Every structure is written in structure tokens, then in C-alpha cells.
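K.L.:
Structure in C-alpha cells, see below.
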Amino acid sequence: MSTPPLILISAGGTGGHMSPASALVSELINKGARVELVTDMRGVKYIGMFPEIPVHIVKSGTAHAGIIGKIKGALNLARGIMHGLAIVKKLKPDAVIGFGGYPSVPAVLAAQIKGIPTGLHEQNAIIGKANVFLAPKAKFIALSLPLPEDINFSHHITSKAQITGNPVRPEIVALKDKAYPEISKDGAFHVFVMGGSLGANVFSKVVPEAFSRLSDEYKKRLHLVQQCRKADLDEARALYDKSGIENVTLAPFFNDVDKKLSEAHLFIGRSGASTVAEVSIIGRPAVYVPYPHHKDQQQKRNAQNVESRAGAWIIEEKDFTADALLMLIEIFFDNLQALPVAASRAKKCGYPAAAQDLADLSLKLIV
């Protein structure tokens, strides 16, 4: 029996890179491939997502502010590339797949130097600098979302771009056909709030204040599950207690996000690539508050893809006030029939076969 192909996955830095990489790893293993991971020190905290495969740590260069920061970043990248070359020479992978971000560069570039086929995956609506840099010699660029029409991309990108969607955890894909929860005029209204991978103080401040001003009738029907940073828990809990809202669950982290999403009538949170992908696949209407400090406004672009199809509402953080949220929530309470409609439109933005399609693309690199 011939040896199964070896595919090297290059990702790291954030959960937004590592989560889809993990989904791809699982699918490739299911299809009989051998898989190993290359990441950097920032990616070490996510290694638990890859329990079945060997992991290699390399340096990566992030361009910090100032001349010294840029020099340090360049030196780290150079060291990472040398280490990447050593790993590629030793392992002799049949293909290398990069997930963007500076940590993906060393192994992908090393493979390209050695003539090993490479593919790229972009999680966000805006293609990141690392993927733009690696695109000329990549065989494909798998996109989570269609390319924005208002940006001119190079031929290296447009000629190789294919939409696969953003791979998500199997637990999420398993819920793709679960119906939107029944909602009635006098029944419970389930809301799930998440502030991103690290939580966000703005949700802990705005959401309790807005919900505390609902009418008593709406408060009784509200069933709220909210992620709060540890530092914000006591204050948020005190606000809810004072307001008389009884059905509230607060925690810094939830291990069963898939279950929480499936039970929700409405999601409120950031619009990172993985979040938007998961909410869309399950098919839940969302109020997205994009992280405001990305230069390319990638989270806003992610959310706009769903909002443009009437499956979500965007409130920019500068406008995310208790008054604004309260008005929107009251509209939902008064027009419950709008939520299942938005849910069905959100679901049309999901790509439940993303991991499978990306795995197929990856295996096609091997001749």
C-alpha cells in the first residue's frame, strides 16, 4: 500500500486562523491524508485544537511600529523562513496550505521556494497582506466570501480565487438543518450575546443597560445567555438583578456555543470570520457590532455580506448605545415574524461544506 500523502498546514496567531485550520485537518484525516501543523508561539495556545497531529513551532515576523519594530519583525520572519525550509526539507510534504497571517508565511514560502504546491485560505472578506504576498505562486486561493466589488485585486488573486466558505467545527455543521426555534407572541425570546474570542467590554456595558429598560412584559419573556469578561461579570449581574430580569446566564466562556446558537432566536456579537460563518450555517438572525480598529474594517465587511441579504443588522461600535439596541430589540418583540425570515436569509450565506470543499482542493494539488 502506498504511503498516504502528507499535507502541511501553516496557520497561527489567532483563533480566527486556527479554527478553520482545525476543521480542515479533521476533514483531511477523514479522507486518508497525513497532516502536520506549522504555527508560531502565538498559535501555541490553540494547539489543543489539533490533538491528533504533530506540531512544529517557527518564528514569524509581525511588522511593529517604528524602525526598530520593523527590523525585528523582518529578522524574525527571516529566521522563520529558514526554519520553515528546514521543516519542509525534512518532512517533504506533498502540499502546504496556508491560512493567512504572518505565521503562515514561513512554511508556505519555504514550500514555494522548494517547488512544492501550495494553496491559501482567506477567512475574511478582505484578503490579508500575507495571502496577497503569497498569492503569485499559490495554486489556489480559497475564499470564505465573494471578493468585494469595490476593490481591484491583482490577476494573481482573481484568476485563482474560488469560494469554498470558511471551514467550521463539525458540531456546527451538524446543526445546519436544525429548524429555527418556534417563537410566539407570548413565548420566550432567546438571545445569545458573545463579545468575540476575548470578550468585549462594550457588550457588558450596553446590553444590560438596554435590556433593563424593556417593559416588564418583555423582561419576563427574555431568556438571555451572555458572554462577559471576568472583570465585568459582577457589574453586569448586578444590573440584571436590579432590573428584574430573571432568566439570565452569564459566563466568561461557553463550551457549548453550538448548543447556545441553536437555541437562540437572535445573536448579538462581533463579526469575526468564524463567528459569521457559524451563525450563518446554523441560520440565526444577528446584530453584528464589528470590531472597529482593523484598518481594513474586515469584520464590517464580513457582516455586510449577510446584512446585504437581509439576514443581519450592523451597528457600528460608535453607534452601539443602549438607546440604539433597545429600539431594535423592541422592534423585534413587536415584529417577531421578521426573525424567522431573517434566519432563512442568513442561512443562505452559510457554507456547510466548506471543510470538505477545501480538503478536495488541497488533495487535488497532489499529482
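K.L.:
Against the conditions (1) touching a Gly at 6+ places or on another chain (Cβ under 7 Å); (2) of a type in the set (A, V, I, L, M, F, W, C); (3) at pLDDT below 95, where does residue 336 fall short? Just the number, please.
P.N.:
(1)
K.L.:
Report yes if residue 140 is under 21 Å from the mean Cα position of the chain (by Cα) and among the aromatic types (Phe, Trp, Tyr), otherwise no.
P.N.:
Spelling it out, residue 140 is indeed under 21 Å from the mean Cα position of the chain (by Cα) and among the aromatic types (Phe, Trp, Tyr).
K.L.:
What is the one condition in (1) free of Cβ contacts under 8 Å to residues at least 12 places away in the same chain; (2) within 26 Å of residue 339 (Cα to Cα); (3) not in a loop (DSSP other than H, G, I, E, B) that residue 90 does not satisfy?
P.N.:
So residue 90 meets the others, but not (2).
K.L.:
Here is a follow-up. Among (1) buried (at least 18 other Cβ atoms within 10 Å of the Cβ); (2) under 18 Å from the mean Cα position of the chain (by Cα); (3) over 25 Å from residue 223 (Cα atoms), where does residue 311 come up short?
P.N.:
Every listed condition holds for residue 311 apart from (3).
K.L.:
Restricting the range 164-214 to residues that are of a type in the set (Ser, Thr, Tyr) and touching a residue at least 40 places away in the same chain (Cβ under 8 Å), which is farthest from residue 359 (Cα to Cα)?
P.N.:
So, considering only residues that are of a type in the set (Ser, Thr, Tyr) and touching a residue at least 40 places away in the same chain (Cβ under 8 Å), the one farthest from residue 359 (Cα to Cα) is 184.
K.L.:
Additional query: State which residue is modelled with the lowest pLDDT when the search covers only the range 286-309 and only residues that are among the basic types (Lys, Arg) and more than 14 Å from residue 123 (Cβ to Cβ).
P.N.:
Filtering the range 286-309 for residues that are among the basic types (Lys, Arg) and more than 14 Å from residue 123 (Cβ to Cβ), the one modelled with the lowest pLDDT comes out as 295.
K.L.:
Go through the range 306-355 and give me each residue that's among the hydroxyl-bearing types (Ser, Thr, Tyr) and over 26 Å from residue 142 (Cα atoms).
P.N.:
So in the range 306-355, the residues among the hydroxyl-bearing types (Ser, Thr, Tyr) come out as 308, 321, 344, 351.
Of everything in the range 306-355, just one residue is among the hydroxyl-bearing types (Ser, Thr, Tyr) and over 26 Å from residue 142 (Cα atoms), namely 321.
K.L.:
Next question, about the same structure. Do we have any residue at all in the range 177-193 that's among the small types (Gly, Ala, Ser) and either under 26 Å from residue 16 (Cβ atoms) or under 19 Å from the mean Cα position of the chain (by Cα) (or both)? Step through it out loud before you land on a result.
P.N.:
Step one: filter the range 177-193 for residues among the small types (Gly, Ala, Ser), giving 179, 184, 187-188.
This time we only want the ones that are either under 26 Å from residue 16 (Cβ atoms) or under 19 Å from the mean Cα position of the chain (by Cα) (or both), so: none.
Within the range 177-193, not a single residue is among the small types (Gly, Ala, Ser) and either under 26 Å from residue 16 (Cβ atoms) or under 19 Å from the mean Cα position of the chain (by Cα) (or both).
K.L.:
Being within 26 Å of residue 342 (Cα to Cα) and part of a helix (DSSP H, G or I) is the requirement here; does residue 242 meet it?
P.N.:
No.
K.L.:
Kindly list, by first and then second residue, each pair from a residue in the range 149-163 that is over 11 Å from residue 136 (Cβ atoms) to a residue that is surrounded by 15 or more Cβ atoms within 10 Å (Cβ to Cβ) and hydroxyl-bearing (Ser, Thr, Tyr), limited to pairs with Cβ atoms under 8 Å and residues at least 6 apart or on different chains.
P.N.:
Close Cβ pairs satisfying both conditions: 163/144; 163/351.
The values are calculated or read from the model by the stated rules, or taken from the named source; none is laboratory data. All figures in this text were calculated on a predicted structure; none of them were measured in a lab. Note: ideal-geometry Cβ built from the backbone for every residue, glycine included; neighbour counts use all protein chains shown.
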